[in-house]
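What follows is calculated from the coordinates using simple rules that are stated; it is not laboratory data. Please read all numbers here as calculations on a predicted model, not as lab measurements. Every residue, glycine among them, receives a Cβ derived from its backbone with ideal geometry; neighbour counts consider all protein chains shown.
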Amino acid sequence: MSKWVLGIIGGSGLYQIPGIVGGRWETIASPWGAPSDQVFRGTLRGVDLVFLPRHGRGHKLGPTQLNYRANIDVMKRAGCTDLLSLSACGSLKEEFAPGDFVIVDQFIDRTFARETSFFGEGVVAHVSMAHPVSSRLAVLAAEESAALGIRTHRGGTYLAIEGPQFSSLAESKLYRSWDCAVIGMTNMPEAKLAREAELPYATVAMETDYDCWREEVAAVSVTDVLKVLHRNADRAASLVGRIAQRLFPMTRTPDPDGIDVCLDHAIITSREVRDPALVRQLEAVAGRLLRS
């Protein structure tokens, strides 16, 4: 594939990307149910871009109510080659202050009420999540974030909780003892599903608060978060523009981490016993292999 189609999944506070040329909202149906919203498609600084507001316009969906499978499926159907997640998060490290951006490189999944895979009975597959982030996209995001003058940290573990409640003090201290960098509610199973869909994925975690472990500061509240969140959203939109500008003159080569073809050795169900109904559902995600 030689053309970039950059998919952006916008988190809390980010419901649109300014500057998109020829932009239009488009409905894409998914066999996995309804996605969070329509996608907004257009070009940004010469690059084809597809934007999905993760919580829907107006933030109508909570983290547990999101249909993660439908969201990733429609981004694949929209032709996305790579996915960038922009996510509001709490900080679990003193040196990661509100307003900082963290380019995540690992995840710990503590969610428990979500569908975590496209595969299952009838078509079984196991993808590697040892290195869950696209190194190419992460480096690009880190470089352009720093170029904007944003205090940017390269690398850090994202701890995903179910929500919608914030963590308890005991939980927050536990996650710090695990050397986690940021805490959020939405990037799992999103990152797992992106990998199953062979979509290189990276996360820009935008710090809004210190969670509740920093006891000398009042426990996190929605009011406090919103103040930082809106400022971060403006800077995130600028970051997307800079990334698009970097991508525009470049031909897209195969993902250097092999994510584009990660299903080649992941599907283990014999062809003769595969469930035809699930095979049809998997058309966008895994049709490259299942059709052959």
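Residues with beta-carbon under 11 Å from that of Met188, excluding Met188: net charge, scoring Lys, Arg +1 and Asp, Glu -1? Mind dumping the intermediate values first?
Working: positive: Arg110, Arg114, Lys192; negative: Asp109, Glu162, Glu190.
Result for the local shell: 0.
What does the net charge come to around Phe118 if you take all other residues with beta carbon closer than 14 Å to its beta carbon, with K and R at +1 and D and E at -1?
Details: positive: Arg69, Lys76, Arg77, Arg114, Lys192, Arg195, Arg274, Arg280, Arg288; negative: Asp73, Glu115, Glu121, Glu190, Glu196, Glu198, Asp275, Glu283.
Every neighbour counted, the sum reads +1.
Under a point-charge model restricted to the Cβ atoms of Lys and Arg (+1) and Asp and Glu (-1), what is the dipole moment magnitude of segment 5-290 relative to its Cα centre, in debye to the nearest 20? It would help to have the intermediate numbers written out before the result.
Working: 30 positive and 34 negative charges, 147 e Å.
With only Lys, Arg, Asp and Glu charged at Cβ, the dipole is about 700 debye.
How large is Rg/Rh for segment 81-200, to two decimals, with Cα atoms and a Kirkwood Rh?
Looking at segment 81-200, the ratio lands at 0.98.
Work through the residues other than Asp275 whose Cβ is under 14 Å from its Cβ and net out their charges, Lys, Arg +1 and Asp, Glu -1. Walk me through the numbers on the way to the answer.
On the way: positive: Arg271, Arg274, Arg280; negative: Glu121, Glu272, Glu283.
Charge balance in the 14 Å sphere: 0.
Testing the spin-label approximation: label points 7 Å from Cα along Cα→Cβ at Val124 and Glu143. State their distance in nm.
4.3 nm
How big is segment 21-96 on each of its three principal axes, counting only the C-alpha atoms and giving the largest first in Å?
Largest to smallest, the principal-axis extents are 42, 32, 23 Å.
Which of the lysines could a cross-linker span from Lys76 if the Cα-Cα distance has to be under 19 Å and same-chain partners fewer than 8 positions apart are dropped?
Lys3, Lys192
How much of the DSSP bridge set in the chain is antiparallel, in percent, rounded to the nearest 5?
Details: 16 of 46 bridges.
About 35 percent, rounded to the nearest 5.
How big is the dipole moment of segment 138-250 about its Cα centre under a simple scheme where the beta carbon of each Lys and Arg is +1, that of each Asp and Glu is -1, and everything else is neutral? Debye, nearest 20, please.
Values: 12 positive and 15 negative charges, 73 e Å.
My answer is approximately 360 debye.
Straight-line reach from Lys60: which aspartates and glutamates have a Cα under 13 Å away, not including same-chain ones fewer than 8 places off?
Asp37
Two decimals is fine: what's Rg over Rh for segment 13-60, C-alpha atoms, Kirkwood radius as Rh?
Rg divided by Rh gives 0.99.
If eta is 1.002 mPa s and T is 20 °C, what Stokes-Einstein diffusion coefficient results for the chain, Kirkwood Rh from Cα pairs, in µm²/s?
111 µm²/s
Going by average Cβ neighbours within 10 Å, how do the peptides 197-204, 37-44 rank, with the highest at the top?
Order by mean packing, descending: 197-204, 37-44.
As an exercise, use a Förster radius of 25 Å and the Cβ-Cβ distance of Ser177 and His131 to find the FRET efficiency, rounded to the nearest 0.05.
According to the calculation, E is roughly 0.60.
Before rounding to the nearest 500, sum -39500 (n - 2.57) across all DSSP H runs of length at least 4 in the chain and divide by the residue total; then give [θ] at 222 nm in deg cm²/dmol.
When only DSSP H runs of four or more count, the value is -8500 deg cm²/dmol.
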